[in-house]
1. Answer rounded, prolate or oblate for region 213-300, using the Cα gyration tensor with square roots of eigenvalues a ≥ b ≥ c: rounded when a/c is under 1.5, else prolate when a/b is larger than b/c, else oblate.
2. Which one, (1) 148; (2) 192; (3) 130, gives volume of the Cα convex hull per residue in Å³ as derived from the coordinates shown?
3. First select every other residue whose beta carbon is under 15 angstrom from the beta carbon of ILE19; then total the charges, Lys and Arg +1, Asp and Glu -1.
4. FRET efficiency for GLU135 and VAL95, Cβ-Cβ distance as r, R0 = 56 Å, nearest 0.05?
5. When ligands, DNA and RNA are left out and all protein chains stay put, how many square angstrom of accessible area per residue does region 187-325 have with a 1.4 Å probe?
6. Could you check which residue among GLY303, GLY12, GLY130 shows the biggest mean-square fluctuation in a GNM of the chain with a 10 Å Cα cutoff?
7. Would you mind working out the magnitude of the charge dipole of region 102-156 relative to its Cα centre, with +1 at each Lys and Arg C-beta and -1 at each Asp and Glu C-beta, to the nearest 20 Debye?
8. In whole angstrom, how far apart do the alpha carbon centroids of region 242-315 and region 1-59 sit?
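The values are calculated or read from the model by the stated rules, or taken from the named source; none is laboratory data. Note that the structure is predicted; figures quoted are calculated from it, not measured. Don't worry about glycine lacking a Cβ; one is built from the backbone with ideal geometry, like all the others, and counts go over all protein chains shown. Ligands, DNA and RNA are excluded from the accessible area calculation, which covers all protein heavy atoms including side chains. Shrake-Rupley method; radii C 1.70, N 1.55, O 1.52, S 1.80 Å.
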Amino acid sequence: MTLSITSAFDGGNIRVRAIDGDRAELDIVTDHKSDFYQWFHFRVAGAAGRPVELRITNIKGSAYPLGWPGYRARVSEDRQQWRLTETHVEDDQLVIRATPRSNALWVAYFAPYSMERHHDLVARMAGRPGVSQSELTRTLDGQPLDCLTMGTGARSVWLYARQHPGETMAEWWMEGALEKLTDPDDATARLLREKATIHVVPNMNPDGSRRGHLRTNAAGVNLNREWHEPSAERSPEVLAVRNRMDETGVDFAMDVHGDEAIAANFLAGFEGIPAWKDEQGALYYRFRDTLAARTPDFQVEKGYAVSDSGKANLSMSTNQLAERYGAVAMTLEMPFKDHDDNPDAEHGWSPERSKALAHACLDNLAAMIDAI
């Protein structure tokens, strides 16, 4: 059979340059109205039982070139289980090799989280006792931006993910968090719902997610550089969420992301905000350090450089929320590679591990919710 490659589906991204037998040359497509690109997701058909070689030829100009060394692509034949496959960099190209057992093989930068799965998640969670769903706004492409709220406590907790749509591990984390938070038999979840009102935005960027973007929305805007001055024209998603936060206040916030280059899970805080308070910072450090003690899938040695005093970028959500509300705010980063301190040779960092990390984060929050 002739090799066939397509990305014409929800969250797909690839351009076919050439196919020669069982070898293909491909390019990742840039985000609309943007120079960002790194996310890929496509289907290879017609190669059952034959080794295929897929060469992505434009990685040199990608958003994060340091993300490629040591990286391995994910493949699936049932779109349920995603496994690592042979991947390496050669002559400024990403070379992916696999031998499909069937005539359809899906290949992705990380296990995808489709908008259809997102809508199923929102519907499933909205139907559970004590959960209310609200549509905060419509996006530039006309999609709903959903928020799920639960709990009756005085503390205002916000969890939000996928400002950067190609960071799909963030919504897998959200699925795990919501499943735990709505479990009537989970003692940690009951405690959190008693002590806090929890607002969850599982996907901040529906348009970029459906379009197969790495980092931007339909206007080509990086939402995590809009929190100081969001607008209906450029960043209606951030504007709607921040307006709701102004109504509820924010005591604790976690912004969930993925990092291309660092092979670890880590937190980034709000050091450097002008209104820094030592007690506020101490609660962030407490959360970070106790999370590392709680699970081998988190560590504190690797991460981003800390901003100097007064130099924090207030266009980023974690810094803006810490400054604006005095919140204990943080950004959780998960790897596209693997958590090297606790690796998985077959799956790498995965949806299942992302969901488990969400459980650990919530257990950690529950242990210190009275102090926040």
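1. Taking the square roots of the gyration eigenvalues as a ≥ b ≥ c, region 213-300 is oblate.
2. (3)
3. On the way: positive: ARG15, ARG17, ARG23, ARG43, ARG50, ARG55; negative: ASP20, ASP22, GLU25, ASP27, GLU53.
Summing Lys/Arg as +1 and Asp/Glu as -1 gives +1.
4. Using R0 = 56 Å, I get an efficiency of 0.80.
5. Value returned for region 187-325: 38 Å² of accessible area per residue.
6. Of GLY303, GLY12, GLY130, the most mobile in the Gaussian network model is GLY130.
7. Working: 5 positive and 5 negative charges, 48 e Å.
Dipole size: approximately 240 debye.
8. Cα centroid to Cα centroid, the span is 36 Å.
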